[in-house]
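Single-structure report; data block below.
The values are calculated or read from the model by the stated rules, or taken from the named source; none is laboratory data. Fair warning: this is a prediction, and the values are worked out from it, not measured in the lab. With ideal geometry, Cβ positions are generated from the backbone for all residues, glycine too; neighbour counts draw on all protein chains shown. The area values use the complete protein model at the heavy-atom level, side chains included, leaving out ligands, DNA and RNA. Shrake-Rupley method; radii C 1.70, N 1.55, O 1.52, S 1.80 Å.
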Amino acid sequence: MRIVVAPQAQADFREAYDSIAGDNPEAADRLLARIVQIVGLLAVKAFVGREVVLRDGRRVRTWPVPPYRVYYREQGDVFEVVRVYHQARRPLER
C-alpha cells in the first residue's frame with residue numbers, strides 16, 4: 001500500500017502545525033505524529049472509517065483525530081489522504 005497525501009491535505013497539515021506551533025511547538029509535533037500514526041493504521045486497515053460524501057460529491061472515508069478529522073480514500077494499492085480538517089469548521093460532508 002502506497003500512502004499519498006493530496007496537495008490540499010498537505011496544506012491542511014501545514015496550517016494545523018503552524019496554528020498550534022505558534023503557542024506550543026511540542027504540542028504541534030505530538031498532534032502531527034498522532035495523525036501520521038492514525039493514517040498508517042487506516043492504511044493497513046487496522047480500523048476503517050465511515051463512508052461520507054463530500055460537498056463536492058466525492059465519496060471518502062473519515063476518521064476523527066481530535067480536534068481534526070482525516071478524510072481518505074483507497075484506490076487499488078493507493079491510500080490517499082484527501083483532507084485533514086479541523087472539526088470546529090463547517091463540515092466537508094453533505
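If only one of ASP12, ASP23 is acidic (Asp, Glu) and open to solvent by 40 Å² or more (accessible area, probe 1.4 Å), which one is it? Exactly one residue qualifies, and that residue is ASP23. Selection over the stretch 51-80 of residues that are surrounded by 10 or more Cβ atoms within 10 Å (Cβ to Cβ), over 20 Å from ILE3 (Cβ atoms) and either free of Cβ contacts under 8 Å to residues at least 40 places away in the same chain or of a type in the set (Ser, Thr, Tyr) (or both) gives a count of 2. With respect to ARG83, determine if the residue is open to solvent by less than 60 Å² (accessible area, probe 1.4 Å) and either under 12 Å from the mean Cα position of the chain (by Cα) or at positive phi (or both). Taking the combined requirement at face value, the residue satisfies it.
Within the stretch 58-65, at least one residue is closer than 16 Å to GLN87 by Cβ and aromatic (Phe, Trp, Tyr). Listed by first and then second residue, the pairs with beta-carbon distance under 8 Å, at least 6 apart or on different chains, first residue in the stretch 1-23 and over 19 Å from ARG34 (Cβ atoms), second outside any strand (DSSP E or B) and of a type outside the set (S, T, N, Q), are MET1/ALA43; MET1/VAL44; MET1/ASP77; ARG2/ASP77. Against the condition at pLDDT 95 or above, open to solvent by less than 50 Å² (accessible area, probe 1.4 Å), under 15 Å from the mean Cα position of the chain (by Cα) and not small (Gly, Ala, Ser), how does VAL48 come out, does it pass? No.
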